[in-house]
Amino acid sequence: MHVPKRSAYWAVIPAAGVGERMRADIPKQYLKIHHQSILEHAINCLLTHNDIAGVVVAVAENDTMWQNLSFSTHKPVITTMGGRERYHSVKNALDRLSSIANENDWVLVHDAARPCLRHQDIDQLIKVLREHPVGGLLACPVRDTMKRSDENETVIQTVDRATLWHALTPQMFRIKQLRHALQAAIDHQVQVTDEAAAMERLGLQPKLVRGHADNIKVTTPEDLQLAAFYLTRLIDT
Ligand code: CTP
Ligand code: MG
C-alpha cells in the first residue's frame, strides 16, 4: 500500500537585522534575557517542539556573535547569509532550506526578536493550518480604538477595530509557494514586511490564527523588561 509521506515542518529565522531602534551596541537579537540571548530563546522554542524538523537562520554577513551560541539538539541548525531587508533574508533562508527539504513541506518563519513564543502557539498554528490551502499566521485582535491621521498627526477617521489584527510570527506557508511569492515581490520591487503580505499580493488569503499577545517583537529598550517579565511567567508555568 502506498502511504503518502507526511509533510514536514521546518523553521526559518531572519536574524540579520541591526536593531537600530534598540540603540544597543550589539544587534538586539544577541542581547541577553535570563542568561540566554533573545535569539537562543526563539530558536530553542522552535527546536524543542516535536513537530519541527530543523531550523535555517539568516545571519548578517559581518556577524561575529552567532558562533558563540549553542543549541543542544540533534536537529539541523543551518545558517545562511542575510539580505538587505527582512524579506531578502527570509528568501535566502528558503533557498537554503530548499536544498534539504521537500518543496511541499511547511515552513514557519519566526522573527529572531520574538523570544516569548510558546509551544502552545506553535501547536495551534499547525493544528489550524495543516490542511489549509494557503497557510497563515499567528495574530491577535487590536484592543485600542484605532485612528487614521493626516500628515499633521490630526485625526481624520476612527477605523473599525473589529476587523483589525496585529500580525505576529511564526507565519506558516508551503516552502515552494512562499519562495515564489517572495521572489515575485523582489522582482517587482515591492517591500513586504511579512510573509503574509507577499502571499496576499498574489491574491492568496492567509488565515489568522489567534496567538498570545505576549509574543512581542523586542523593538525598543522598554521591550527588554517586558520580555523578561513575560519569560519569567512562561518559565514558571
Ligand atoms: N531582519 C533580517 N534581515 C534584515 C532586517 C531584519 O533578518 N535585513 C530580521 C531581524 O533580525 C529581526 C526580524 O527581521 O529578527 C524583524 O525585524 P526588526 O524587528 O525590524 O529588526 P531590525 O531590523 O534588526 O530592527 P530595526 O528595524 O530597529 O533596525
Ligand atoms: Mg527592521
Spread of Cα-to-Cα distances over 5 Å intervals beginning at zero, given as percent, for the chain
1, 6, 13, 17, 20, 17, 13, 7, 3, 1, 0, 0, 0, 0
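Trypsin sites (Lys or Arg not before Pro) within segment 83-123: which are DSSP loop residues with at most 11 other Cβ atoms inside 10 Å? Could the numbers behind the result be given before it?
Values: sites: Arg84, Arg86, Lys91, Arg96, Arg118; in loops: Arg84, Arg118.
Loop-located and lightly packed - Arg84.
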Note, ³J(HN,Hα) from phi for segment 68-73, Karplus 6.51, -1.76, 1.60, rounded to Hz, x at Gly and Pro:
8, 7, 9, 10, 8, 8
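Considering only DSSP beta bridges with both partners in segment 117-218, what is the antiparallel share in %, to the nearest 5?
Values: 10 of 14 bridges.
Among the beta bridges of segment 117-218, antiparallel pairing accounts for roughly 70 percent.
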Determine the gain in length on full extension of the stretch Asp187-Thr158; use 0.36 nm per residue of separation and subtract their C-alpha separation, reporting nm with one decimal.
6.9 nm
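By DSSP, what percent of the beta bridges with both residues in the chain are antiparallel, rounded to the nearest 5? Present the calculation step by step, with values, prior to reporting the outcome.
On the way: 16 of 35 bridges.
Approximately 45 percent, going by the DSSP bridge assignments.
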Counting helices only, and only those DSSP H runs with n ≥ 4, report the 222 nm mean residue ellipticity of the chain as the sum of -39,500 (n - 2.57) divided by its residues, in deg cm²/dmol to the nearest 500.
-9000 deg cm²/dmol
Inter-label distance for Gln225 and Trp165, nm, one decimal - labels placed 7 Å from Cα along Cα-to-Cβ:
3.2 nm
For segment 63-155, run through the GluC sites (Glu not before Pro) and keep only the ones in DSSP coil with at most 15 other Cβ atoms within 10 Å of their Cβ.
Glu103, Glu131, Glu151, Glu153
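Contour minus end-to-end for Trp66 and Asp144, with contour as 0.36 nm per residue of separation and end-to-end as the Cα-Cα distance? Write down the numbers at each step before the final one.
On the way: separation 78, 0.36 × 78 = 28.08 nm, distance 3.80 nm.
Using 0.36 nm per residue and subtracting the Cα-Cα distance, I get 24.3 nm.
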Calculated FRET value between Lys176 and Gln205, using beta carbons and R₀ = 22 Å, to 0.05
0.80
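Work out, step by step, the length gained on full extension between Gln120 and Thr73: first 0.36 nm times the residue separation, then minus their alpha carbon distance; give nm to one decimal. Walk me through the intermediate numbers first.
Details: separation 47, 0.36 × 47 = 16.92 nm, distance 2.01 nm.
Roughly 14.9 nm would be gained on extension.
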Comparing Gln29, Gln191, Gln171 in a Gaussian network model of the chain (Cα, 10 Å), the one with the largest mean-square fluctuation is Gln191
Kirkwood calc, segment 15-140, C-alpha pairs only, radius in angstrom 15.4 Å
Out of all DSSP beta bridges in segment 1-122, what portion is antiparallel? Express it as a percent rounded to 5.
10 percent
For the chain: lysine pairs with Cα atoms under 15 Å, gap of 8 or more or different chains, count?
4
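Every number in this text was worked out from the coordinates using simple rules, so none of it is lab data. Predicted model, so just to flag it, every value in this text is computed and none were measured. Glycine gets a Cβ as well: all are built from the backbone with ideal geometry, and neighbour counts include every protein chain shown.
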